[in-house]
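**Student:** Structure in C-alpha cells, see below.
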Amino acid sequence: MSTINPRRWWALAVLATAQFMVIMDTSIIGVALPEMQKDLGFSQGELQWVFNAYVIVFGGLLLLGGRLSDLLGARKVFATGWVIMIVGSVLAAAAQTAWVEIAGRAVQGVGGALIAPAAMTLLMVLFAHDPKELGKAMALYGAAAPAGGTAGVFLGGVFTEWASWQWVFIIYIPIGLATLAVTKLLPAVAPRRGSVDVLGAVAVTAGLALAVFAVVRAPEVGWGATATVLELIGAALLLIVFFVIQRSVREPLMPLSVWRVPRLGSANLAMTLLGAAWIPMWYFLNLYLQQVLDYGAFASGAALLPMTILLMIFMTTITARLMGRFGAKPMIVGGLLALAAGLLWLSAVEPTGTFLIDVLPASLVAALGMALAYIPAMIAAMAGAPQEQAGLASGIVNTTYNVGSALGLAALTALATTHGAGELGNLPALTDGFSAAFLGAAAIAAVGAVITLVAMKGEKATNAAAAAPRNETAGV
C-alpha cells in the first residue's frame, strides 16, 4: 500500500500554483503586446511569436519532460524546470530587441515543459490512495490551468498599466525562487532506469515549429508559394521521422503502445481543438478591446476578469459533480458547443461596440464552455494510463492542448490578417479581421464537438475515480 502524505494538500497548493504560473505564461503577455510591439519593433503579424515561441517549445518538449520526469524523478525535474523558467524570465525581461525577446520566451517554454508533466506525476503520487481525494485534487489542479490563462490577461494589464511590460516576466523570478524553496513539500519519487530519446524530441519539436512558421508566413508569401509548400512538406516529414523513430528505438519518447489506452486518442483530439479555439479567442478579444475599443492595458485585463471568476467557480465546485453524473463525453461535447456559441456571438463585434453588449455576455458563454470541457478531457486522457506512464500521458495531453493552441493561433491570425486585422488604425478593417478569427474559432470548437461525439464511443461516466493509477505508488 502507498503511504499517505500528511502534507499532501500543501504540496497540491505548490503544484497548482506551478500549473497556474506555467499556463499564465501563455497569456500574461497578451495585454502587454501593444507596448512590446512599440518598444521592440514587432510587426502586427510577427507579434504572435511572443506567444508562439513559448507555446511551440513548451508543447514540443512536453513529451521529453514527461519522459525525464519518469526517469530522473519528478521532484528533481520539477525543480530544474523552475530554474530554467527563472533564467528565461530574466532574459525576456531584459530584452532590447525582438529576437532576444523571442529567445527568452523559448527558454521559458523549456522550463514549462519540465514543470507541467512533473507536477502531474507528483499529483498522481500524492493522491493515489483515495479516488475521491484524487478527484478533488484533479479539479483544483485542473482549474488552475484555464484560470491561469485567463488571469494572466488581467495581471498583464495591471503590470503594463502601472509598471511596465517587463514586469509580466519579472514576476516569475520571485515566485520561482519561492517555489524552489518549498519543493521539499513534494514527494520524492524514485527514478527509473532508462534512456532519453533526444533525436525524437528534436524531430517532433522542429516539425511543430516549422508547421507553425509556415502557417504564420503564409498570408505574407502566399499559401501556394514554393516556400510555404516546402515548409509544410518539411514539417510533415519531420513528424513522420518522429513516428518512425518511435517505432525503431528501444526506449522511445512516446511508445506508440500508449495509444491503446482507452479514450487517450479521442480525449487528446478534443484537447487539441479546445486549445485551438480557446487561446485565439482571448488573444483576439484582447486586441479588439485595445485596438478597436481603445481600452488601456488595465481596463482590457479587467474586462476579462469575469471569465476568470466563472471558470474558477465552475471548475472547483460544479464541473467535477457534473462529470461524476454524466461522464466525460457529454461534458466535452456540451462544453465545446457552448464555447462555439460564445465565439459565434463574439464574431458579431462592431467597431462601435461596447463591453456590456459585445464582449461580456459572449465571453461568459465561451468561458462556461471551457469550464465544462477542460477537466473532463484531461481526466479522460489520463484515465487508464498505468503509473509508470503517468508522466508520458500527462506530457501527451499537455502537448496536444498546446500544439492546438499554437496551430490554432497561427491559422486564425492568418485568417484575421487576410480580412483586415493588419490595418492598424482602420477600425472597420480591424474589426472585420477579429470577427473572422472568432468565427473561425467557433468552427473549430464545433468540429471538436462533432468529432468527440463520434470518436469517443462506448463510454460510460468517466469520473475522477477512473483516473486513479492502477499500479501501487512508490512510497512517499
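**Student:** Could you list, in sequence order, the residues of region 13-22 that are over 22 Å from V403 (Cα atoms), surrounded by fewer than 24 Cβ atoms within 10 Å (Cβ to Cβ) and not small (G, A, S)?
**Tutor:** V14, T17
Here is a yes/no grid of residues against (1) crowded, with 24+ Cβ neighbours inside 10 Å; (2) in contact with a Ser or Thr (Cβ under 9 Å, 6 or more places away or on another chain); (3) assigned by TED's automatic domain parsing to the domain that holds W165:
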{"residue": "P34", "(1), (2), (3)": "no, yes, yes"}
{"residue": "W49", "(1), (2), (3)": "no, no, yes"}
{"residue": "L63", "(1), (2), (3)": "yes, yes, yes"}
{"residue": "A79", "(1), (2), (3)": "no, yes, yes"}
{"residue": "I86", "(1), (2), (3)": "no, no, yes"}
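**Student:** Also: Condition test on L68, is it over 17 Å from the mean Cα position of the chain (by Cα), in the same structural domain as L123 (by TED's automatic domain parsing) and surrounded by fewer than 21 Cβ atoms within 10 Å (Cβ to Cβ)?
**Tutor:** It is false that L68 is over 17 Å from the mean Cα position of the chain (by Cα), in the same structural domain as L123 (by TED's automatic domain parsing) and surrounded by fewer than 21 Cβ atoms within 10 Å (Cβ to Cβ).
**Student:** Let me ask you something else. Would you confirm, using the coordinates I've provided, whether L360 is without any contact (Cβ under 8 Å) to a residue 24 or more places away in the chain, in the same structural domain as A267 (by TED's automatic domain parsing) and of a type in the set (A, V, I, L, M)?
**Tutor:** It is false that L360 is without any contact (Cβ under 8 Å) to a residue 24 or more places away in the chain, in the same structural domain as A267 (by TED's automatic domain parsing) and of a type in the set (A, V, I, L, M).
**Student:** Given the structure, is E251 acidic (D, E) and in contact with a helix residue (DSSP H, G or I) (Cβ under 7 Å, 6 or more places away or on another chain)?
**Tutor:** No, not satisfied.
**Student:** State the number of residues belonging to region 428-464 that are modelled with pLDDT under 90, crowded, with 17+ Cβ neighbours inside 10 Å and assigned to a helix (DSSP H, G or I).
**Tutor:** Qualifying residue count for the region: 1.
**Student:** Which of the helices (runs of 4 or more DSSP H) contained wholly in region 95-197 include at least 2 residues that are β-branched (V, I, T) and buried (at least 22 other Cβ atoms within 10 Å of the Cβ)?
**Tutor:** 98-127, 131-162
**Student:** A53 versus (1) under 15 Å from the mean Cα position of the chain (by Cα); (2) farther than 25 Å from S300 by Cβ: which is the lone unmet condition?
**Tutor:** In the conditions (1) under 15 Å from the mean Cα position of the chain (by Cα); (2) farther than 25 Å from S300 by Cβ, A53 misses (2) alone.
**Student:** Quick check on my filter: what residues within region 62-91 are modelled with pLDDT under 90 and more than 17 Å from S195 (Cβ to Cβ)?
**Tutor:** Across region 62-91, the qualifying residues are L62, A74.
**Student:** Could you tell me whether D25 is buried (at least 20 other Cβ atoms within 10 Å of the Cβ), among the charged types (D, E, K, R) and within 27 Å of A209 (Cβ to Cβ)?
**Tutor:** So D25 fits the description; yes.
The values are calculated or read from the model by the stated rules, or taken from the named source; none is laboratory data. Because the structure is a prediction, the values reported are computed rather than measured. Glycine gets a Cβ as well: all are built from the backbone with ideal geometry, and neighbour counts include every protein chain shown.
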